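Report on the structure given below.
The values are calculated or read from the model by the stated rules, or taken from the named source; none is laboratory data. If you're wondering where the values come from, they're calculated on a predicted model, not measured in any experiment. Neighbour counts run over all protein chains shown; Cβ positions are idealised from the backbone, glycine included. With ligands, DNA and RNA removed, areas are computed over all heavy atoms of the protein, side chains included. Shrake-Rupley method; radii C 1.70, N 1.55, O 1.52, S 1.80 Å.
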Amino acid sequence: MITIQEQAVPNQKQAYLLRDSNGERHLINKQVIKILADAKSTGNLFGLVQITGSKGEESPLHLHNTQHEAIYVTDGLLQLTINNKKHMLASGDYAHLPAGTVHQYVLLRNRTKFYSFTTGGLHADLYRELGETHTYMEPLVGTATSSITTKELDRLDDFDIRIVNEALQGPQAIVLQEGGELPDTSTPYVIEAGAGEGMLAADQLFTFLATQATTDKQFLALTTEGYAGEAIPPHYHEKHTECFLCLEGRMTMWAGEEKFQLEKGDFLHVPANTEHSFKLDSPYTKFIGFLASGLFEQFFRLLGEPYAYSELPKQPSAFSFQRVLENIDELDLKFPQK
């Protein structure tokens with residue numbers, strides 16, 4: 001059964017739907033942090049938060065000892081320092097920050113919005129600890145809280161975060177500005193919107209943001225975009241969790257025995273052994289998927305063909321599932337018995 005969460009994510013691992021307008025929000029100065037997933041709701045696999053704030057807001061310069069972090073920007077402009085170099089991230093840009101990477105963000109425009117995905121899920125509890133409960137989607141005049149105090153910073157080790165005084169010398173982030181393969185090791189990198197490694201399966205384009213090689217096999221991240229079309233076959237996974245965050249358009253989701261639509265900002269968490277399917281409904285729909293662990297990567301490589309463009313094809317090729325079926329025993333992919 002899928003629960004529709006109104007106020008907060010569940011306190012145990014389960015399937016749930018969180019609408020864009022719902023959820024638990026916390027205010028730190030002029031930043032609103034919405035919690036979409038945490039350690040309890042995902043079984044300690046990952047956490048996901050949405051951060052919206054005013055121009056000039058920032059994080060302290062810091063690193064995570066064990067957690068990998070992924071940042072995806074949807075609105076505004078974000079300055080992200082990675083080790084000792086600054087990068088500008090706009091809508092559709094992605095940054096990959098392996099454990100130990102010194103980083104800091106600064107919001108350069110009002111209403112800048114981005115998503116932060118972290119392995120383990122401790123990050124969500126950090127915002128609960130440091131922020132004040134906030135019922136609105138954005139900061140309001142007169143509601144800003146004071147900055148984080150030194151006393152509070154001393155407690156950050158509990159959440160796998162360490163404040164540093166200066167940007168340390170470290171690996172420079174690789175910047176992908178056009179189609180191409182991601183690094184083959186866990187290293188910092190930035191993918192500009194429309195760049196990265198694409199795989200085309202008929203009328204759907206998958207673009208890898210993070211792979212097993214870049215995440216130490218802990219998670220997989222990719223965008224899916226395409227035209228309105230038919231539903232994919234109902235299926236489930238025995239060994240990994242999958243979640244869907246709608247970025248543009250509208251899509252129909254089936255999970256468990258329920259059917260509902262996802263629109264921009266809606267989030268669906270689908271743990272292992274939950275039957276699910278989806279169908280893209282709008283002329284153009286795009287969503288980002290986070291899968292933990294990253295073992296399902298081979299499925300997308302078998303399903304699609306390498307694709308060098310950021311635009312969808314005018315005439316989609318015929319859909320073929322043959323290679324997937326030929327390698328089904330190697331994939332964590334199960335179909336319900338009829």
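Give me the net charge of Glu238's neighbourhood, meaning all other residues with Cβ under 11 Å from the Cβ of Glu238; Lys, Arg count +1, Asp, Glu -1. Let's see the in-between values first.
Details: positive: Lys239, Lys334; negative: Asp332.
With Lys, Arg at +1 and Asp, Glu at -1, the net is +1.
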Counting DSSP beta bridges in the range 1-86, what percent are antiparallel, to the nearest 5?
80 percent
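Between beta-carbons, use under 15 Å as the cut-off and find the net charge around Ile82, counting Lys and Arg +1, Asp and Glu -1. Present the calculation step by step, with values, prior to reporting the outcome.
Values: positive: Lys85, Lys86; negative: Glu58, Glu69, Asp93, Glu166, Glu192.
My count for the surroundings of Ile82 gives -3.
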Would you please give the FRET efficiency between Glu230 and Ser21, computed as 1/(1 + (r/R0)^6) with r the Cβ-Cβ distance and R0 = 25 Å, to the nearest 0.05?
0.30
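Just by accessible area at a 1.4 angstrom probe, what is the order of Ser277, Ser21, Ser54 from largest to smallest?
Ser21, Ser54, Ser277
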Give me the number: length gained by fully extending Gln172 to Glu132, i.e. 0.36 nm times residue separation minus the C-alpha to C-alpha distance, one decimal in nm.
10.9 nm
Where the centre of each part is set by its Cα atoms, how far does the range 80-131 sit from the range 208-239, in angstrom?
22 Å
Rough spin-label spacing in nm, given labels placed 7 Å along Cα→Cβ, for Lys239 and Asp184
2.3 nm
Using only the heavy atoms of the protein chains and a 1.4 Å probe, how would Tyr94, Tyr284, Tyr227 rank by accessible area, largest first?
Tyr284, Tyr227, Tyr94
Starting from the Cα-Cα distance between Asp332 and Arg111, subtract it from 0.36 nm times their residue separation and give me the gain in nm to one decimal.
75.6 nm
Under 5 Å between amide hydrogens, which residues at least 5 positions from Gly170 or on another chain qualify, with H placed 1.01 Å from N in the peptide plane?
Asn84
Mind grabbing the accessible area of Asp216 for me, 1.4 Å probe, Å², rounded to tens?
90 Å²
I'd like the accessible area for Arg111, computed on protein heavy atoms only with a 1.4 Å probe and all protein chains in place. Round to 10 Å², please.
150 Å²
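In what sequence, largest accessible area first, do Val49, Val175, Val106 appear using a 1.4 Å probe? Intermediate results must be reported in sequence, preceding the final value.
Details: Val49 5, Val175 60, Val106 25 Å².
From most accessible down to least: Val175, Val106, Val49.
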Inter-label distance, nm, simple model (7 Å from Cα along the C-beta direction), Phe321/Val164:
4.8 nm
Whole Å is fine, so just give me how far the alpha carbon centre of the range 303-318 lies from that of the range 1-75.
32 Å
Under 19 Å from Lys217, Cα to Cα: aspartates and glutamates that are on another chain or at least 8 residues apart
Glu69, Glu181, Asp184, Glu197, Glu238, Glu242, Glu297, Glu330, Asp332
Add +1 for every Lys or Arg and -1 for every Asp or Glu among the other residues with Cβ under 14 Å from the Cβ of Glu58, and state the total.
+3
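Considering only the range 1-158, what is the antiparallel percent among its DSSP beta bridges, to the nearest 5? Could you put the intermediate results ahead of the total?
On the way: 43 of 46 bridges.
Taking every DSSP beta bridge within the range 1-158, about 95 percent pair in antiparallel fashion.
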To the nearest 500 deg cm²/dmol, what mean residue ellipticity at 222 nm is calculated for the chain from DSSP H runs of n ≥ 4 alone, each contributing -39,500 (n - 2.57), summed and divided by the residues?
-2000 deg cm²/dmol
For the chain, what is the relative contact order in percent, using Cα pairs closer than 8 Å and at least 6 residues apart in sequence?
17 percent
List the lysines whose Cα sits under 17 Å from the Cα of Lys13, skipping any in the same chain fewer than 8 residues away.
Lys40, Lys239
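Please state the shape class of the range 189-338: rounded when a/c is under 1.5, otherwise prolate if a/b exceeds b/c and oblate if not, all from the C-alpha gyration tensor.
It comes out rounded by the Cα gyration axes.
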Calculated from backbone phi, Karplus (6.51, -1.76, 1.60) coupling profile of the range 109-124 in Hz, x at Gly/Pro:
9, 5, 6, 5, 9, 8, 10, 10, 9, 10, 6, x, x, 5, 4, 4
